[in-house]
1. Can you pull the percent of the chain's accessible area that's carbon plus sulfur, 1.4 Å probe, other chains left in place?
2. What are the principal axis extents of the Cα atoms in region 37-77, in Å, biggest first?
3. About the Cα centre of the chain, what is the dipole size in debye to 20, counting +1 per Lys and Arg Cβ and -1 per Asp and Glu Cβ, all else neutral?
4. For the chain, rounded, prolate or oblate, judged on the Cα gyration tensor with a ≥ b ≥ c (square roots of eigenvalues), a/c < 1.5 rounded, else prolate if a/b > b/c?
5. Helices from the chain with mean Kyte-Doolittle at least -0.5 and a Cα length along the axis of 24 Å or more, per DSSP H: which?
6. Give me the accessible area per residue for the chain, probe 1.4 Å, as a whole number in Å².
7. Filter the cross-link list LYS191/LYS378; LYS191/LYS243; LYS89/LYS178 down to pairs whose alpha-carbon distance in this structure exceeds 23 Å.
8. Please sort by residue number the trypsin sites (Lys or Arg not before Pro) in region 1-98 whose DSSP state is loop and whose Cβ has at most 16 other Cβ atoms within 10 Å.
Amino acid sequence: MKTKVVIIGGGPSGLLLGQLLSRRGIDNIVLERRSKDYVLGRIRAGVLEQGFVQLMQEAGCADRLHAEGIVHDGTVLACGGTAFRIDFKQHTGSQVVVYGQTEVTRDLYDAREKTDGQTVFNVEDVTLHGVDTDAPHVRYSVDGVVHHVACAFIAGCDGFHGVSRKSIPRDVRKEYEKVYPFGWLGVLVEKPPVYHELIYANSPRGFALCSMRSETLSRYYIQCAVQDSVHDWSDAAFWQELKRRIPAPYADQLITGPSIEKSIAPMRSFVTEPMRWGRLFLCGDAAHIVPPTGAKGLNTAASDVHYLYQGLRAFYETGDQDGLARYSEKALGRVWKTQRFSWWLSSLMHRYPDQSEFDAKIQMAELEFLRSNRAAQKTMAQGYVGLPY
Ligand code: RFL
Ligand code: PHB
(Lines give C-alpha, C1' and ligand atoms only; values in the text may rest on other atoms or scores of the structure.)
(Ligands and ions follow the chains in the order given, each with its own letter.)
Protein backbone atom coordinates (compact mmCIF):
# COMPACT_ATOMS: atom_id res chain seq x y z
CA MET A 1 0.00 0.00 0.00
CA LYS A 2 1.09 3.57 -0.66
CA THR A 3 -0.25 7.00 0.32
CA LYS A 4 1.03 10.55 0.83
CA VAL A 5 0.31 10.90 4.55
CA VAL A 6 -0.17 8.11 7.09
CA ILE A 7 -2.13 9.46 10.05
CA ILE A 8 -1.65 7.38 13.20
CA GLY A 9 -4.69 7.81 15.49
CA GLY A 10 -8.34 8.34 14.60
CA GLY A 11 -9.18 10.77 17.42
CA PRO A 12 -10.16 14.38 16.69
CA SER A 13 -6.62 15.48 15.63
CA GLY A 14 -6.13 12.66 13.14
CA LEU A 15 -9.64 12.88 11.70
CA LEU A 16 -9.56 16.66 11.33
CA LEU A 17 -6.19 16.55 9.57
CA GLY A 18 -7.37 13.70 7.34
CA GLN A 19 -10.50 15.57 6.32
CA LEU A 20 -8.66 18.82 5.59
CA LEU A 21 -6.10 16.97 3.46
CA SER A 22 -8.73 14.92 1.61
CA ARG A 23 -10.58 18.12 0.67
CA ARG A 24 -7.36 19.30 -1.04
CA GLY A 25 -6.84 15.99 -2.83
CA ILE A 26 -3.90 14.95 -0.61
CA ASP A 27 -4.21 11.15 -0.11
CA ASN A 28 -4.08 9.88 3.45
CA ILE A 29 -4.84 6.79 5.53
CA VAL A 30 -5.96 6.90 9.16
CA LEU A 31 -4.86 3.99 11.40
CA GLU A 32 -6.88 3.65 14.63
CA ARG A 33 -6.09 1.19 17.43
CA ARG A 34 -9.69 0.97 18.68
CA SER A 35 -13.11 0.46 17.11
CA LYS A 36 -15.18 3.42 15.95
CA ASP A 37 -17.75 2.81 18.74
CA TYR A 38 -15.01 2.86 21.36
CA VAL A 39 -13.65 6.19 20.09
CA LEU A 40 -17.17 7.68 20.03
CA GLY A 41 -17.87 6.40 23.55
CA ARG A 42 -15.18 8.57 25.19
CA ILE A 43 -16.60 11.63 26.96
CA ARG A 44 -14.05 14.41 26.87
CA ALA A 45 -13.89 18.03 25.77
CA GLY A 46 -16.85 20.35 25.59
CA VAL A 47 -15.66 23.86 24.73
CA LEU A 48 -14.41 24.90 21.28
CA GLU A 49 -12.51 28.04 20.32
CA GLN A 50 -13.41 29.96 17.14
CA GLY A 51 -10.20 28.69 15.50
CA PHE A 52 -11.48 25.14 15.94
CA VAL A 53 -14.88 26.06 14.50
CA GLN A 54 -13.20 27.64 11.45
CA LEU A 55 -11.15 24.50 10.83
CA MET A 56 -14.29 22.34 11.02
CA GLN A 57 -15.84 24.70 8.48
CA GLU A 58 -12.83 24.38 6.18
CA ALA A 59 -13.07 20.60 6.56
CA GLY A 60 -16.73 20.84 5.44
CA CYS A 61 -17.95 19.41 8.76
CA ALA A 62 -19.49 22.36 10.58
CA ASP A 63 -23.22 22.17 9.68
CA ARG A 64 -24.35 20.37 12.84
CA LEU A 65 -21.86 22.35 14.95
CA HIS A 66 -23.46 25.61 13.73
CA ALA A 67 -26.98 24.25 14.24
CA GLU A 68 -26.54 22.61 17.66
CA GLY A 69 -23.46 24.26 19.25
CA ILE A 70 -24.25 26.65 22.08
CA VAL A 71 -22.41 29.97 21.80
CA HIS A 72 -21.08 31.33 25.10
CA ASP A 73 -20.14 35.02 25.47
CA GLY A 74 -18.72 34.63 28.96
CA THR A 75 -18.19 32.42 31.99
CA VAL A 76 -18.82 32.60 35.74
CA LEU A 77 -16.04 32.32 38.31
CA ALA A 78 -17.24 31.54 41.83
CA CYS A 79 -15.27 31.88 45.01
CA GLY A 80 -16.60 31.28 48.50
CA GLY A 81 -20.24 32.34 48.49
CA THR A 82 -19.98 34.86 45.64
CA ALA A 83 -19.57 34.79 41.89
CA PHE A 84 -18.57 37.15 39.07
CA ARG A 85 -18.61 36.97 35.30
CA ILE A 86 -15.85 37.30 32.71
CA ASP A 87 -17.35 38.76 29.55
CA PHE A 88 -15.45 37.26 26.58
CA LYS A 89 -17.43 39.18 23.97
CA GLN A 90 -16.88 42.56 25.58
CA HIS A 91 -13.16 42.04 26.20
CA THR A 92 -12.16 40.23 22.99
CA GLY A 93 -15.07 40.46 20.53
CA SER A 94 -14.94 36.66 20.42
CA GLN A 95 -16.82 33.72 21.93
CA VAL A 96 -16.54 29.98 22.50
CA VAL A 97 -18.92 27.22 21.42
CA VAL A 98 -20.11 24.39 23.64
CA TYR A 99 -20.23 21.25 21.48
CA GLY A 100 -18.97 17.90 22.71
CA GLN A 101 -15.82 16.20 21.43
CA THR A 102 -17.98 13.11 20.85
CA GLU A 103 -20.10 15.08 18.37
CA VAL A 104 -17.01 16.60 16.69
CA THR A 105 -15.59 13.10 16.22
CA ARG A 106 -18.90 11.74 14.93
CA ASP A 107 -19.18 14.58 12.37
CA LEU A 108 -15.60 13.94 11.19
CA TYR A 109 -16.18 10.18 10.83
CA ASP A 110 -19.42 10.82 8.90
CA ALA A 111 -17.62 13.19 6.52
CA ARG A 112 -14.73 10.74 6.08
CA GLU A 113 -17.12 7.93 5.21
CA LYS A 114 -18.99 10.12 2.70
CA THR A 115 -15.75 11.02 0.87
CA ASP A 116 -14.51 7.40 0.97
CA GLY A 117 -11.50 8.35 3.09
CA GLN A 118 -9.61 5.25 4.19
CA THR A 119 -9.70 4.42 7.91
CA VAL A 120 -8.37 1.15 9.33
CA PHE A 121 -9.74 0.29 12.79
CA ASN A 122 -8.42 -2.18 15.38
CA VAL A 123 -4.81 -1.89 14.19
CA GLU A 124 -2.15 -3.50 16.40
CA ASP A 125 1.63 -3.38 16.66
CA VAL A 126 2.01 -0.10 14.77
CA THR A 127 5.70 0.68 14.10
CA LEU A 128 7.31 3.55 12.21
CA HIS A 129 10.28 2.98 9.88
CA GLY A 130 12.69 5.20 7.95
CA VAL A 131 11.30 8.32 9.61
CA ASP A 132 14.60 10.17 9.12
CA THR A 133 14.86 9.13 5.45
CA ASP A 134 12.96 10.29 2.33
CA ALA A 135 11.01 7.03 2.21
CA PRO A 136 9.28 6.28 5.51
CA HIS A 137 6.75 3.49 5.99
CA VAL A 138 4.41 2.31 8.69
CA ARG A 139 3.84 -1.33 9.64
CA TYR A 140 0.78 -2.59 11.48
CA SER A 141 -1.31 -5.70 11.84
CA VAL A 142 -5.03 -6.42 11.84
CA ASP A 143 -6.27 -9.84 13.01
CA GLY A 144 -2.68 -11.10 12.95
CA VAL A 145 -2.07 -10.10 9.29
CA VAL A 146 0.86 -7.70 8.82
CA HIS A 147 0.51 -4.69 6.47
CA HIS A 148 2.94 -2.00 5.26
CA VAL A 149 2.09 1.50 4.01
CA ALA A 150 4.76 3.51 2.21
CA CYS A 151 4.27 7.28 2.48
CA ALA A 152 5.90 10.68 2.21
CA PHE A 153 4.93 11.90 5.69
CA ILE A 154 3.63 10.49 8.98
CA ALA A 155 1.31 12.46 11.28
CA GLY A 156 1.51 11.18 14.87
CA CYS A 157 -2.01 11.90 16.16
CA ASP A 158 -2.17 8.92 18.54
CA GLY A 159 -2.64 10.68 21.86
CA PHE A 160 -0.53 10.63 25.01
CA HIS A 161 -0.11 6.83 25.13
CA GLY A 162 0.57 6.35 21.39
CA VAL A 163 3.69 5.06 19.64
CA SER A 164 4.59 8.13 17.56
CA ARG A 165 6.24 10.25 20.24
CA LYS A 166 8.18 7.23 21.52
CA SER A 167 9.55 6.66 17.98
CA ILE A 168 11.61 9.85 18.30
CA PRO A 169 15.01 8.81 19.70
CA ARG A 170 15.45 9.55 23.40
CA ASP A 171 18.49 11.77 22.80
CA VAL A 172 16.54 13.94 20.33
CA ARG A 173 13.41 14.52 22.41
CA LYS A 174 13.09 16.53 25.61
CA GLU A 175 10.02 16.21 27.81
CA TYR A 176 8.67 18.72 30.32
CA GLU A 177 6.09 17.59 32.86
CA LYS A 178 4.10 18.73 35.88
CA VAL A 179 1.71 16.35 37.65
CA TYR A 180 -0.97 17.92 39.86
CA PRO A 181 -1.85 16.38 43.25
CA PHE A 182 -5.55 15.85 42.43
CA GLY A 183 -7.91 14.55 39.73
CA TRP A 184 -11.29 15.52 38.26
CA LEU A 185 -14.30 13.32 38.88
CA GLY A 186 -16.76 13.96 36.03
CA VAL A 187 -20.44 13.06 35.73
CA LEU A 188 -22.74 13.24 32.70
CA VAL A 189 -26.46 13.56 33.47
CA GLU A 190 -29.60 13.85 31.34
CA LYS A 191 -30.85 17.00 33.07
CA PRO A 192 -30.85 20.68 32.03
CA PRO A 193 -27.67 22.61 33.03
CA VAL A 194 -27.82 24.53 36.31
CA TYR A 195 -26.97 27.79 34.50
CA HIS A 196 -26.73 28.92 30.87
CA GLU A 197 -22.96 29.58 31.17
CA LEU A 198 -20.14 27.52 32.68
CA ILE A 199 -19.40 27.99 36.39
CA TYR A 200 -15.81 27.45 37.61
CA ALA A 201 -15.80 27.37 41.43
CA ASN A 202 -12.96 27.63 43.92
CA SER A 203 -14.30 26.50 47.29
CA PRO A 204 -12.56 25.57 50.55
CA ARG A 205 -13.60 21.95 49.78
CA GLY A 206 -11.93 22.02 46.36
CA PHE A 207 -12.68 22.95 42.76
CA ALA A 208 -15.99 22.34 40.98
CA LEU A 209 -17.16 22.95 37.40
CA CYS A 210 -20.71 23.11 36.04
CA SER A 211 -20.67 22.54 32.28
CA MET A 212 -23.05 21.17 29.67
CA ARG A 213 -23.38 19.41 26.35
CA SER A 214 -26.87 20.64 25.37
CA GLU A 215 -30.02 22.13 26.86
CA THR A 216 -30.91 18.72 28.27
CA LEU A 217 -27.49 17.18 28.98
CA SER A 218 -25.16 18.46 31.71
CA ARG A 219 -21.55 17.75 32.60
CA TYR A 220 -20.29 18.38 36.14
CA TYR A 221 -16.84 17.93 37.68
CA ILE A 222 -15.39 18.04 41.17
CA GLN A 223 -11.75 17.98 42.23
CA CYS A 224 -11.00 14.64 43.92
CA ALA A 225 -8.00 12.93 45.46
CA VAL A 226 -5.56 11.30 42.98
CA GLN A 227 -6.05 7.92 44.64
CA ASP A 228 -9.90 8.07 44.39
CA SER A 229 -11.73 5.59 42.17
CA VAL A 230 -15.19 6.12 40.61
CA HIS A 231 -16.42 3.31 42.88
CA ASP A 232 -15.69 5.54 45.89
CA TRP A 233 -18.28 8.02 44.65
CA SER A 234 -21.99 7.18 44.54
CA ASP A 235 -24.18 9.61 42.60
CA ALA A 236 -25.66 10.87 45.89
CA ALA A 237 -22.19 11.60 47.31
CA PHE A 238 -21.21 13.41 44.09
CA TRP A 239 -24.28 15.68 44.10
CA GLN A 240 -23.91 16.45 47.80
CA GLU A 241 -20.26 17.45 47.33
CA LEU A 242 -20.94 19.52 44.20
CA LYS A 243 -23.69 21.47 45.99
CA ARG A 244 -21.33 22.29 48.83
CA ARG A 245 -18.75 23.71 46.42
CA ILE A 246 -20.89 26.11 44.35
CA PRO A 247 -22.65 29.25 45.65
CA ALA A 248 -26.07 28.59 47.27
CA PRO A 249 -28.20 30.28 44.55
CA TYR A 250 -26.81 27.76 42.01
CA ALA A 251 -26.85 24.79 44.40
CA ASP A 252 -30.54 25.47 45.07
CA GLN A 253 -31.31 25.37 41.32
CA LEU A 254 -29.27 22.23 40.54
CA ILE A 255 -31.34 19.42 39.04
CA THR A 256 -29.70 16.10 39.85
CA GLY A 257 -30.35 12.64 38.41
CA PRO A 258 -28.67 9.30 37.78
CA SER A 259 -25.27 9.68 36.10
CA ILE A 260 -25.01 8.15 32.61
CA GLU A 261 -21.20 8.35 32.69
CA LYS A 262 -18.75 8.80 35.53
CA SER A 263 -14.96 8.96 35.17
CA ILE A 264 -11.83 10.35 36.77
CA ALA A 265 -9.30 12.35 34.75
CA PRO A 266 -5.75 12.78 36.04
CA MET A 267 -4.29 16.29 35.88
CA ARG A 268 -1.04 16.79 34.04
CA SER A 269 0.88 19.44 32.10
CA PHE A 270 3.25 17.88 29.55
CA VAL A 271 5.15 19.06 26.48
CA THR A 272 7.61 17.21 24.25
CA GLU A 273 10.11 19.03 22.04
CA PRO A 274 10.63 19.03 19.10
CA MET A 275 7.26 18.18 17.56
CA ARG A 276 8.90 17.08 14.31
CA TRP A 277 11.58 14.50 13.65
CA GLY A 278 12.47 13.79 10.03
CA ARG A 279 9.17 13.03 8.29
CA LEU A 280 7.19 12.50 11.49
CA PHE A 281 5.01 15.35 12.79
CA LEU A 282 3.34 15.10 16.22
CA CYS A 283 -0.12 16.65 16.71
CA GLY A 284 -2.38 17.06 19.77
CA ASP A 285 -2.12 14.91 22.89
CA ALA A 286 0.73 12.91 21.31
CA ALA A 287 2.90 16.00 21.87
CA HIS A 288 1.31 17.81 24.81
CA ILE A 289 -1.25 17.51 27.61
CA VAL A 290 -2.90 20.25 29.65
CA PRO A 291 -5.02 19.99 32.78
CA PRO A 292 -8.65 20.39 31.59
CA THR A 293 -9.30 23.59 33.62
CA GLY A 294 -8.94 25.98 30.67
CA ALA A 295 -10.61 23.63 28.11
CA LYS A 296 -7.48 23.77 25.95
CA GLY A 297 -6.53 20.17 25.05
CA LEU A 298 -8.66 19.68 21.98
CA ASN A 299 -8.25 23.31 20.96
CA THR A 300 -4.46 23.08 21.04
CA ALA A 301 -4.65 19.86 19.03
CA ALA A 302 -6.57 21.86 16.42
CA SER A 303 -3.93 24.60 16.22
CA ASP A 304 -1.25 21.92 15.59
CA VAL A 305 -3.45 20.47 12.84
CA HIS A 306 -3.75 23.95 11.33
CA TYR A 307 0.05 24.45 11.13
CA LEU A 308 0.63 20.95 9.75
CA TYR A 309 -2.19 21.23 7.21
CA GLN A 310 -0.85 24.59 5.99
CA GLY A 311 2.66 23.11 5.69
CA LEU A 312 1.50 20.02 3.77
CA ARG A 313 -0.77 22.05 1.54
CA ALA A 314 2.01 24.49 0.61
CA PHE A 315 4.35 21.54 -0.07
CA TYR A 316 1.89 19.72 -2.36
CA GLU A 317 0.47 22.80 -4.07
CA THR A 318 3.63 24.89 -4.63
CA GLY A 319 6.60 22.78 -3.49
CA ASP A 320 7.30 25.27 -0.67
CA GLN A 321 8.88 23.38 2.27
CA ASP A 322 9.13 26.29 4.68
CA GLY A 323 5.86 25.54 6.55
CA LEU A 324 6.93 21.95 7.19
CA ALA A 325 10.45 23.01 8.18
CA ARG A 326 9.04 25.49 10.71
CA TYR A 327 6.15 23.30 11.96
CA SER A 328 7.66 22.46 15.35
CA GLU A 329 8.70 26.03 16.08
CA LYS A 330 5.29 27.48 15.11
CA ALA A 331 3.22 24.87 16.94
CA LEU A 332 5.35 25.02 20.11
CA GLY A 333 5.15 28.82 20.22
CA ARG A 334 1.39 28.57 20.71
CA VAL A 335 1.53 25.38 22.80
CA TRP A 336 3.64 26.99 25.54
CA LYS A 337 1.37 30.05 25.83
CA THR A 338 -1.62 27.73 26.17
CA GLN A 339 0.25 25.64 28.73
CA ARG A 340 0.82 28.80 30.74
CA PHE A 341 -2.90 29.68 30.65
CA SER A 342 -4.02 26.17 31.69
CA TRP A 343 -1.46 26.02 34.50
CA TRP A 344 -2.46 29.49 35.71
CA LEU A 345 -6.22 28.77 35.77
CA SER A 346 -5.63 25.38 37.42
CA SER A 347 -3.41 26.98 40.09
CA LEU A 348 -6.00 29.69 40.72
CA MET A 349 -9.05 27.45 41.05
CA HIS A 350 -7.90 24.29 42.91
CA ARG A 351 -7.14 23.58 46.54
CA TYR A 352 -3.73 21.94 46.93
CA PRO A 353 -3.16 19.35 49.67
CA ASP A 354 0.00 21.17 50.82
CA GLN A 355 -1.41 24.69 50.44
CA SER A 356 -0.31 26.99 53.28
CA GLU A 357 -2.51 29.76 54.70
CA PHE A 358 -0.26 32.20 52.85
CA ASP A 359 -0.85 30.37 49.54
CA ALA A 360 -4.61 30.44 50.15
CA LYS A 361 -4.53 34.21 50.82
CA ILE A 362 -2.57 34.81 47.60
CA GLN A 363 -5.12 32.73 45.64
CA MET A 364 -7.99 34.81 47.10
CA ALA A 365 -6.13 38.05 46.34
CA GLU A 366 -5.66 36.98 42.73
CA LEU A 367 -9.35 36.08 42.37
CA GLU A 368 -10.31 39.43 43.89
CA PHE A 369 -7.94 41.19 41.46
CA LEU A 370 -9.61 39.36 38.57
CA ARG A 371 -13.06 40.30 39.87
CA SER A 372 -12.23 44.01 40.09
CA ASN A 373 -9.64 44.68 37.39
CA ARG A 374 -10.62 45.06 33.73
CA ALA A 375 -7.09 44.47 32.42
CA ALA A 376 -6.91 41.17 34.33
CA GLN A 377 -10.35 40.19 32.99
CA LYS A 378 -9.25 40.97 29.44
CA THR A 379 -6.13 38.81 29.81
CA MET A 380 -8.23 35.93 31.13
CA ALA A 381 -10.80 36.36 28.33
CA GLN A 382 -8.06 36.38 25.65
CA GLY A 383 -6.62 33.15 27.01
CA TYR A 384 -10.01 31.46 27.29
CA VAL A 385 -11.31 32.27 23.80
CA GLY A 386 -7.93 31.21 22.40
CA LEU A 387 -4.87 32.95 21.01
CA PRO A 388 -4.76 33.56 17.24
CA TYR A 389 -3.00 30.90 15.12
P1 RFL B 1 -6.93 11.40 21.42
O2 RFL B 1 -8.31 11.93 21.55
O3 RFL B 1 -6.32 10.73 22.60
O4 RFL B 1 -6.90 10.43 20.17
C5 RFL B 1 -5.79 9.61 19.88
C6 RFL B 1 -6.27 8.40 19.12
O7 RFL B 1 -5.16 7.58 18.79
C8 RFL B 1 -5.49 6.22 19.05
N9 RFL B 1 -4.23 5.49 19.26
C10 RFL B 1 -3.62 4.74 18.30
N11 RFL B 1 -3.98 4.48 17.04
C12 RFL B 1 -3.15 3.70 16.31
N13 RFL B 1 -2.02 3.14 16.81
C14 RFL B 1 -1.63 3.38 18.08
N15 RFL B 1 -0.52 2.83 18.56
C16 RFL B 1 -2.45 4.21 18.89
N17 RFL B 1 -2.38 4.65 20.16
C18 RFL B 1 -3.45 5.42 20.37
C19 RFL B 1 -6.40 6.27 20.25
O20 RFL B 1 -7.22 5.11 20.35
C21 RFL B 1 -7.21 7.53 19.96
O22 RFL B 1 -8.40 7.27 19.24
O23 RFL B 1 -5.90 12.55 20.99
P24 RFL B 1 -6.14 13.83 20.01
O25 RFL B 1 -6.81 13.40 18.75
O26 RFL B 1 -4.85 14.54 19.97
O27 RFL B 1 -7.23 14.73 20.78
C28 RFL B 1 -6.91 15.35 22.01
C29 RFL B 1 -8.18 15.52 22.85
O30 RFL B 1 -8.85 14.28 22.93
C31 RFL B 1 -7.87 16.05 24.26
O32 RFL B 1 -6.87 17.06 24.20
C33 RFL B 1 -9.12 16.66 24.95
O34 RFL B 1 -10.10 15.69 25.17
C35 RFL B 1 -8.75 17.32 26.27
N36 RFL B 1 -9.92 17.85 26.98
C37 RFL B 1 -10.48 19.07 26.61
N38 RFL B 1 -9.97 19.77 25.56
C39 RFL B 1 -10.56 20.93 25.15
O40 RFL B 1 -10.06 21.56 24.20
N41 RFL B 1 -11.72 21.43 25.76
C42 RFL B 1 -12.29 20.78 26.81
O43 RFL B 1 -13.35 21.23 27.28
C44 RFL B 1 -11.66 19.57 27.30
N45 RFL B 1 -12.19 18.90 28.32
C46 RFL B 1 -10.49 17.14 28.04
C47 RFL B 1 -11.63 17.70 28.71
C48 RFL B 1 -9.95 15.92 28.46
C49 RFL B 1 -10.54 15.24 29.52
N50 RFL B 1 -9.95 14.00 29.87
C51 RFL B 1 -10.68 12.80 29.98
C52 RFL B 1 -8.50 13.85 29.90
C53 RFL B 1 -12.21 17.04 29.78
C54 RFL B 1 -11.65 15.83 30.21
C55 RFL B 1 -12.30 15.17 31.38
C1 PHB C 1 -16.46 19.97 29.68
O2 PHB C 1 -17.62 20.38 29.43
O3 PHB C 1 -16.17 18.76 29.63
C4 PHB C 1 -15.42 20.94 30.10
C5 PHB C 1 -15.70 22.30 30.01
C6 PHB C 1 -14.74 23.21 30.41
C7 PHB C 1 -13.53 22.77 30.88
C8 PHB C 1 -13.23 21.42 30.94
C9 PHB C 1 -14.19 20.49 30.54
O10 PHB C 1 -12.60 23.68 31.29
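1. Result for the chain: 50 percent of the exposed heavy-atom area is carbon or sulfur.
2. Sorted largest first, the three principal extents are 35, 24, 17 Å.
3. On the way: 45 positive and 44 negative charges, 109 e Å.
Around 520 debye, computed over the chain.
4. The shape class here is prolate.
5. Values: long enough: 297-318 (32 Å, -0.22); 327-349 (33 Å, -0.43).
TM-like helix candidates: 297-318, 327-349.
6. Value for the chain: 43 Å² per residue.
7. Details: LYS191/LYS378 32 Å; LYS191/LYS243 15 Å; LYS89/LYS178 32 Å.
Pairs exceeding 23 Å: LYS191/LYS378; LYS89/LYS178.
8. LYS4, ARG24, ARG34, ARG42
The values are calculated or read from the model by the stated rules, or taken from the named source; none is laboratory data. The shown structure was predicted, so the numbers you read here are calculated from the model rather than taken from an experiment. Using ideal geometry, Cβ is built from the backbone for each residue, glycine included, and neighbour counts are taken over all protein chains shown. Surface areas here come from the heavy atoms of the whole protein model, side chains and all, with no ligands, DNA or RNA. Shrake-Rupley method; radii C 1.70, N 1.55, O 1.52, S 1.80 Å.
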